[in-house]
1. Along the principal axes of its C-alpha atoms, what lengths does region 88-157 span, in descending order and rounded to whole Å?
2. Per residue of the chain, what 222 nm ellipticity follows from adding -39500 (n - 2.57) for every DSSP H run with n ≥ 4, rounded to the nearest 500?
3. Pairs of Cα atoms under 8 Å, at least six residues apart: use those to get the relative contact order of region 1-109, whole percent.
4. What whole-number volume per residue, in cubic angstrom, does the convex hull of the C-alpha atoms of the chain give?
5. I need the P(r) histogram for region 1-76: all alpha carbon pairs, bin width 5 Å from 0 out to the longest distance, whole percents.
6. Cβ neighbours within 10 Å, averaged per peptide: list 135-141, 65-71 in order, most packed at the top.
7. Packing-wise, with mean Cβ within 10 Å as the measure, how do 113-119, 85-91, 8-14 rank, highest first?
8. Compute the distance in nm between two label points, each set 7 Å from the Cα along the Cα-to-Cβ direction, one at Q12 and one at Q127.
Amino acid sequence: MTPHHYATSVEQLASMDTILSMSGLAFMRAIINGELAGPPIGETLGFKPIVAGEGTVTFEGTPEFAIMNPIGTVHGGWYGTILDSCMACAVQTMLQPGQIYTTLEYKINILRPIPVGMTVHAVGKVQHVGRSTGISVGEVRGVEDGKLYATGSTTCIVMQGPKR
């Protein structure tokens, strides 16, 4: 598998046993390195994780014509999805083997429109991860211009994975 390979079927996604056997950071790095397939939403919306460290994940994305809204700008859902991804995955990097998580809620603020075709980095950074919750923040910045395009915050629920 080459780096940033996206799953094309459910069978290509990591099994729950595989997910539970790894730390969250190891899981994210396995996707980035192409050892595990990434989720198809990334291919659909044109973004992927490129860096994962303890408590932080960076996604790179380039919004294209297919995700524009009727008034000709990048749809707000694209901002929300890339921010949800980087912020929640930042929480994931703090999980121990046997733990899973999911987004409980998130909020975004769109500050300016991203020009279609401009590559951006969405960086999520953990503020807190405890036994049952994880909180992180994120921002979207243009790679070429360094401008801040959007910010966000999320709360994730942290759980023990199902017994297998």
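1. Principal axes ranked by extent give 40, 20, 17 Å for the Cα atoms.
2. Value at 222 nm, helices only: -6500 deg cm²/dmol.
3. Once normalised by length, the contact order is 30 percent.
4. Working: hull volume 18.1 nm³, N = 164.
It comes to 111 Å³ per residue, whole-number rounded.
5. Computed distribution, short to long bins: 3, 16, 22, 22, 16, 11, 7, 4, 1, 0.
6. Order by mean packing, descending: 135-141, 65-71.
7. Ranked by mean Cβ neighbours within 10 Å, highest first: 85-91, 113-119, 8-14.
8. Taking the simple label geometry, Q12 and Q127 are separated by 3.7 nm.
No lab work stands behind these numbers, since they all come straight from the coordinates. The model shown is predicted, which means the values in this text are computed figures rather than measured ones. Using ideal geometry, Cβ is built from the backbone for each residue, glycine included, and neighbour counts are taken over all protein chains shown.
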